[in-house]
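Below: the structure, in structure tokens.
None of the figures in this text is laboratory data; all of them are computed from the coordinates on show. Because the structure is a prediction, the values reported are computed rather than measured. With ideal geometry, Cβ positions are generated from the backbone for all residues, glycine too; neighbour counts draw on all protein chains shown.
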Amino acid sequence: MAYSIAVLPGDGIGPEIAAEAVKLIEALSEFGFEARIETGLIGGAAVDATGDPLPPETIALCDAADAILLAAVGGPKYDRLPRAQRPETGLLRLRAQYGFFANLRPALLYPELAEASSLKAEKVAGLDLLIVRELTGGIYFGQPRGIFTGEDGERYAVNTQRYSESEIRRIVRVAFEAARRRGRRVCSVDKANVLEVSELWREVVEAVHADYPDVELSHMLVDNAAMQLVREPKQFDVVVTGNLFGDILSDIAAMLTGSIGMLPSASLRSDAKGLYEPVHGSAPDIAGQGVANPLATLLSVAMMLRHSFDREDLAARIERAVGRVLADGLRCRDIARPGETVVGTVEMGEAVRRALHEVD
Ligand code: IPM
Ligand code: MG
């Protein structure tokens, strides 16, 4: 049976890196993985074509797909549009539409890239942490929200940070389950010294922990967590947190690994359907130049094979292939140090496909 994958290239460097992902998926047919790929519009590209950042045709395409691969959305051209037409709104609606509440953002340092990290190589050597970010709740979606005018004529703005017990429980379970397959440690990040939402969060985390006595649990305030990530990042195994804190901490974690151009993500729910995207954005400054790093997107394909298609063998093969091309000295511009061989998007994609046959 051929699986069906919806590919949404989006904006900026999106189409260039998505093209490499498509070629990678096609190359997997040699390893017994057959997929039908259909491409759809999202973000600014969709706004340009239809006026809607997540048009109904794209929703229909995603409805029919077993998994969705999204490259990137956004760009300066769209920054002044009303919120409903912003590219980011298309992405947030997509996450909400399918209830992809569990966002896994692994930050893994490839040994070859230790020198590209913004921290000293010895601080990050062997770094392997996983951020589990709640993705469909919290202040991103809480009501009321908006910009209003008060009785005094002054404008004010409101966003609402809200979590229900069940929303907290299900994301925390994902984190404990993930920890069991890794280092058996979970650090829950909140702001319990100030926010009631975090007070409830902590309570629920403690309650769920009772089912996972084999996993070590700690709590950390988000400001401290930001500091600890750049001070001693290897102390973390699994970090679980809400939507906004997870957004911020995952960018920090990304930089530790050398470049945000290296980080994949998976957004999951309780069945196998998932949304896979690189953590980085659309990088409009380098769009169309053929220099964007496709590795985060190719590694997102690996996550897709693992979580949606139960093909751990192929996921691992792609990850080893990426390791191989890095060991061979190939670098895109974002991860290259002076003197290293810089290749473009297409060459990097090609090299990974070639390496698929060289690893086992
Ligand atoms: C991310 C991005 C998105 C987010 C934006 C593009 C809406 O920063 O996936 O981390 O804030 O979730
Ligand atoms: Mg972000």
Local net charge near Ala49, Cβ-Cβ under 13 Å (Lys/Arg +1, Asp/Glu -1): -4
Placed amide H near Ala107: partners under 5 Å, 5+ positions off or other chain: Leu129, Leu130, Ile131
Phi to ³J(HN,Hα) by Karplus 6.51 cos²θ - 1.76 cosθ + 1.60 over segment 266-278, Hz, x for Gly, Pro: 10, 10, 10, 9, 7, 9, 7, 5, x, 10, 10, 8, x
Pairwise centroid distance, computed over Cα atoms, of segment 281-299 with segment 111-126, Å: 22
Over segment 151-225, relative contact order from alpha-carbon pairs under 8 Å, at least 6 apart, %: 35
Among beta bridges that DSSP assigns inside the chain, antiparallel share in %, nearest 5: 40
Residue-by-residue Karplus 3J(HN,Hα) for segment 55-65, coefficients 6.51, -1.76, 1.60, Hz, glycine and proline x: x, x, 5, 5, 5, 4, 4, 6, 4, 7, 8
For the chain: relative contact order, % (alpha-carbon pairs under 8 angstrom, 6 or more apart): 20
Neighbour-limited loop hits for GluC sites (Glu not before Pro), segment 1-63 (at most 16 other Cβ within 10 Å; DSSP other than H, G, I, E, B): Glu34
Measure of compaction for the chain (Cα Rg per 2.2 N^0.38 Å): 0.98
Summed side-chain charge close to Gly339 - residues other than Gly339 whose Cβ falls under 15 Å, Lys, Arg +1, Asp, Glu -1: 0
Fraction of the pair-distance distribution of segment 108-256 above 20 Å, Cα-Cα pairs, percent: 52
